[in-house]
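Bear in mind these aren't lab numbers, they're just calculated from the coordinates by the rules spelled out. The structure displayed is predicted, hence computed values, not measured ones. For neighbour counting, all protein chains shown are included, and Cβ atoms are generated from backbone atoms with ideal geometry for every residue, glycine included.
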Amino acid sequence: MSDLVKEFGKMLRLKRKSAGYSQESFAAYVGIERGNYGKMERGAVNIKLETLYKLTNALNCEFEEIMPSRLKHKIDLD
């Protein structure tokens, strides 16, 4: 996966840990199978927009708190 997806996973992991959740308990709370959630944190999968909303709502945070900066990860539109 891209560096963007990997950085998202790292930011998600930090936010989850700072909220006091284990990976297993957070995955269950959000309604995601633990193995699939682990892939998110490792940056091994892209996620749907609906899943992003679930994560931010569960963590009581804004997108910017778990999304890498667009300025750091410029993507060519060609």
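Against the definition (assigned to a helix (DSSP H, G or I) and surrounded by fewer than 14 Cβ atoms within 10 Å (Cβ to Cβ)), how does residue 50 come out, yes or no? For residue 50, the condition - assigned to a helix (DSSP H, G or I) and surrounded by fewer than 14 Cβ atoms within 10 Å (Cβ to Cβ) - is met. Here 41, 7, 64 are screened, and the one residue that is surrounded by fewer than 16 Cβ atoms within 10 Å (Cβ to Cβ) and part of a helix (DSSP H, G or I) is 64. Please go through segment 16-38 and pick out each residue that is surrounded by fewer than 18 Cβ atoms within 10 Å (Cβ to Cβ) and not in a loop (DSSP other than H, G, I, E, B). 17, 18, 23, 24, 25, 28, 29, 30, 34, 35, 36, 38 - these are the residues of segment 16-38 that are surrounded by fewer than 18 Cβ atoms within 10 Å (Cβ to Cβ) and not in a loop (DSSP other than H, G, I, E, B). Regarding residue 3, is this residue over 14 Å from the mean Cα position of the chain (by Cα) and acidic (Asp, Glu)? Spelling it out, it is not the case that residue 3 is over 14 Å from the mean Cα position of the chain (by Cα) and acidic (Asp, Glu).
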